[in-house]
Amino acid sequence: MAPAQDVLSHFSALDELTQVIYQSIYRFVVLSNVSQMEGTWTVHVALVGKEGRWWRGIWGTDDILGIVGSKSSDKILEAFASNLAEAFIKGELHIGDWSTEAGAKINLVLGPGSKRPLSVPLTEISAAEAAVYATNVFFEIALQAQSRRGQLHSTSTSLPSLPLTDYRPITSTLNDGGPAMAGGSKPTTSNPGPSTSSTTVVRPEPIKVPETPAAAVAEKKAQAEIKALKAQLEAQKRRQPSTPTPPPKAAPPRPLKGASLANPHKKARKYQALEFESDGE
C-alpha cells in the first residue's frame, strides 16, 4: 500500500474549500481540508442558526483506496480528487439522512446526481471542539485580511491617493534684514523710516488629480470626433462651387427732352408742312 503522504498528495484540490448548502429550510456551511502530514481528508459541516451544531467526517488512506483501488495509479487518484473538488465548487452537495436528533447518522453526499455519488459519514462534535475549530478558521481569515489592509472582503476598486499640497510659509524681507513675525506683522522699531521692504508670497501648488485611464480614453475619443467633423465641413466647402454674384442692372438712361422715341439718343426730326400757291389764294 502506498504511504499516506503519497496518496493525499493528489488531494490538494480539495484543500481549503468552502461551500454553502441550502436544503429545505436549513442552511449548512461545509469546509474541506487536506493534511498530508496526518494523511487525512477532513470535512466539517455546520448548521447555520441558533442551534450552532457541528459535524465532522474524516477520510484516511484506507477509505480513499477502498474506493479507487489499492493499486490505483497517480493519474487515477488525481482524477478522483479533481472530480470531488469540481462537485464541491459547483455546489453539487447534499446532506443525506438528515435529522435534527442528537447522534443521528447523517452524511455528506458529493455529486448526488452523478452515476457514482460519494458519501462521507458525519459525526456530531461537541461545542468545545466546534469552538476550537471555529476559532482557528477565524484566525486564518484574519491572516488573509492583512493583505487587504485588514478588510474582511476585498474591494473591486480603490481610490487613487492624492499627493499632499506643499504649503510653504509666506516669507518677507524687511529693510533691516529681519524676518516677519508670526501672523504677518512686522517687529516694532524705534525709527522705522521709509518702508523699503519687499514681500515675496509663495502660492501653494494646486492639487493635481491623476487622470484615470477611462477619462483619458474619453478625451481622446472626443478630440477625434471634433477633428472628423472639421474635416467633413472642409470637404463640403470644397465640393460646393462658388456662384458669382451677378452685377446689379443699370437703370436705363432717361430720354432727352425732345428725343426720338425710336432712338432716344437722337433728337426727333421736325417736319415742316408744305404750302402750295393755291392754298394762299
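The values are calculated or read from the model by the stated rules, or taken from the named source; none is laboratory data. The model shown is predicted, which means the values in this text are computed figures rather than measured ones. Heads up, the Cβs are rebuilt from the backbone with ideal geometry, glycines too, and the neighbour counts pull from every protein chain shown. SASA here: full protein model, heavy atoms, side chains in, ligands and nucleic acids out. Shrake-Rupley method; radii C 1.70, N 1.55, O 1.52, S 1.80 Å.
Computed extension length for S154-D6: 49.7 nm, one decimal, from 0.36 nm per residue of separation with the Cα-Cα distance subtracted.
Reported to the nearest whole Å, the Cα centre-to-centre distance from the range 8-63 to the range 86-108 is 10. The chymotrypsin sites (Phe, Trp or Tyr not before Pro) of the range 30-116 that DSSP puts in a loop, and whose beta carbon has at most 16 other beta carbons within 10 Å, are W98. Set against the 2.2 N^0.38 Å expectation for a compact globular protein, the range 5-111 has a Cα radius of gyration ratio of 1.11. Over all other residues within a Cβ to Cβ distance under 11 Å of P121, the charged ones net out to 0, with Lys and Arg as +1 and Asp and Glu as -1.
In this structure the range 1-76 gives 57 Å² per residue of accessible area when probed at 1.4 Å with all protein chains present. Label separation (T135 vs S82): 4.0 nm, computed from points 7 Å beyond Cα along the C-beta direction.
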